[in-house]
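None of the figures in this text is laboratory data; all of them are computed from the coordinates on show. If you're wondering where the values come from, they're calculated on a predicted model, not measured in any experiment. For neighbour counting, all protein chains shown are included, and Cβ atoms are generated from backbone atoms with ideal geometry for every residue, glycine included.
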Amino acid sequence: MSICIPGTDSASKASFPFSAYLELTKPRILSLVLVTTALGFFLGGHGVHSLPLLFYTLLGTACVAGGSAVLNHYLEREVDRAMHRTRNRPLPAGIIKPSTAMSYGLCLVLGGVAILLFAANLLTAFLALLSAFLYVVVYTPMKRLTWLNTSFGAIPGALPPVGGWTAATGELDLGAWALFLILFAWQHPHFYAIAWIFREDYQRGGFKMLPVVEPDGRRTCRHIIAFSVLLIGASALPTIIDLTGKVYLYGAILMGLGLLAAGVSLSLSRSELHARRLLRASVAYLPLLFLLCAVDVGF
């Protein structure tokens with residue numbers, strides 16, 4: 001999913017290079033990473049018992065996630081130049097040199113891992129490094145090889161709350177895996193909606209997204225519905241393992257059914273309008289689910 005800062009263009013980025021460096025870290029995705037990390041920390045520790053530890057956990061995670069995004073920009077700079085929605089990014093637009101971006105990304109990743117290693121624990125630092133490796137080394141090149149890239153990319157995307165959990169507890173408990181499964185399932189309808197909307201642009205870039213490989217959208221819609229159903233089941237796990245209560249459970253099921261309904265509507269119409277509705281529903285779903293989760297356990 002490409003992230004652009006609204007209202008910026010090449011000229012303004014050249015005048016204010018800070019915004020270009022910020023854009024390379026994909027700030028909207030980064031903000032979601034930090035929210036899910038904080039939730040994992042809160043749920044794992046049954047509250048926030050150490051503000052300094054939470055701060056350094058978020059700082060280290062932000063550096064690793066942002067650095068991974070920068071390296072993704074570096075590796076895809078030529079592809080981004082071929083796509084309408086990404087050709088004005090800092091690297092294809094020539095605002096930042098590729099070598100500078102690579103150094104910037106590596107420093108962020110290694111610095112973030114060091115922060116997590118010394119401020120949190122080895123397990124949290126390892127999970128962050130694993131997430132960066134899977135995103136940059138596995139998922140990024142896989143997008144041009146197979147439509148399975150979405151599922152592989154969902155793995156590093158689901159690790160941030162696990163890292164938050166281990167930072168607070170030092171252990172990988174069932175609650176951490178429940179959060180992982182929720183994030184893993186959610187990413188599929190979310191990114192399949194994006195891939196459907198921008199399928200022509202992805203085709204220009206040579207990406208093997210499922211709507212590109214199979215233009216009629218049948219398999220894409222089947223996957224959206226299947227993972228939406230999986231998401232309903234996954235969202236019930238925190239209550240099943242006594243991490244949350246019934247208020248969360250009922251709310252999670254209702255929101256899951258709403259997301260499933262949006263997926264069914266897209267399946268019936270296969271229109272860009274319904275794909276955008278599914279995208280909006282998925283964007284609203286996750287923060288509402290986490291807010292409900294935090295409120296239910298007494299935030």
Protection proxy (average C-beta count within 10 Å per residue), highest first, orders 52-60, 186-194 as 186-194, 52-60
Heads up, region 42-200 by the C-alpha gyration tensor (a ≥ b ≥ c square roots of eigenvalues; a/c under 1.5 rounded, else a/b over b/c prolate, else oblate) looks oblate
Computed Rg/Rh for region 108-207 (Cα atoms; Rh = Kirkwood radius) stands at 1.05
In Å, the Kirkwood hydrodynamic radius from C-alpha pairs for the chain sits at 19.6
If 177, 165, 147, 196 are placed from fewest to most neighbouring beta carbons inside 10 Å, the sequence is 177, 147, 196, 165
For region 138-183, averaging the sequence separation of alpha carbon pairs under 8 Å that lie six or more residues apart and dividing by its residue count, the contact order in percent is 33
Cross-link reach from residue 246 to aspartates and glutamates, straight Cα distance under 17 Å and at least 8 residues apart if same chain, gives 296
Filtering the chain for DSSP H helices with an axial alpha carbon extent of at least 15 Å and a Kyte-Doolittle mean of at least 1.6 returns 27-44, 98-119, 122-133
